[in-house]
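Colleague: Just dropping this structure here.
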Ligand SMILES: [Zn+2]
């Protein structure tokens, strides 16, 4: 079997770590939030992916690269779609959000009861996934 050729990048912008491509240097995400996303799906005429739950970098990369490999292999995804194969026990859903002036497909992960964030019963921190990007940051601290 041919070794997969990962020709996109995964940026994991999380507290304390700037994104060298987007120039974002924020390090003030609310707890459990991050802005992880791919760059490079455009070469497959596909939207990039995003994930905003601050899992380990390894798990974030696994999830985003799995989508990348699926797209590279010819699969196409659209907003609103439920996707099996990321987790054994539940699907994830793709919702469209803005990320730095572009539209991306955000991988939405349900909580342990398989409740998605548009349901009020969805538990924190999974509930934060319905927030637009700017709401994933703490409010700016007041000037001293
Ligand atoms: Zn980036």
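The values are calculated or read from the model by the stated rules, or taken from the named source; none is laboratory data. From a predicted model like this one, the values you see are computed outputs, not experimental measurements. Positions of Cβ are generated from backbone atoms using ideal geometry, with glycine treated the same way; all protein chains shown enter the neighbour counts.
Colleague: Suppose the filter is within 12 Å of the ligand (Cβ to nearest atom) and under 13 Å from the mean Cα position of the chain (by Cα); does residue 92 pass it?
Modeller: Judged against the criteria, residue 92 is not a match.
Colleague: Out of all the residues in the stretch 65-76, is one or more within 12 Å of the ligand (Cβ to nearest atom), at negative phi and within 15 Å of the chain's Cα centre (by Cα)?
Modeller: Applying the first criterion (within 12 Å of the ligand (Cβ to nearest atom)) to the stretch 65-76 yields none.
Scanning the stretch 65-76, I find no residue that is within 12 Å of the ligand (Cβ to nearest atom), at negative phi and within 15 Å of the chain's Cα centre (by Cα), so the answer is no.
Colleague: In the stretch 22-37, is there at least one residue being at pLDDT 95 or above and surrounded by fewer than 17 Cβ atoms within 10 Å (Cβ to Cβ)?
Modeller: Checked the stretch 22-37: no residue is at pLDDT 95 or above and surrounded by fewer than 17 Cβ atoms within 10 Å (Cβ to Cβ).
Colleague: Check off (1) modelled with pLDDT of 90 or more; (2) loosely packed, with under 12 Cβ neighbours inside 10 Å for residue 144 and give me the number that stays unchecked.
Modeller: (1)
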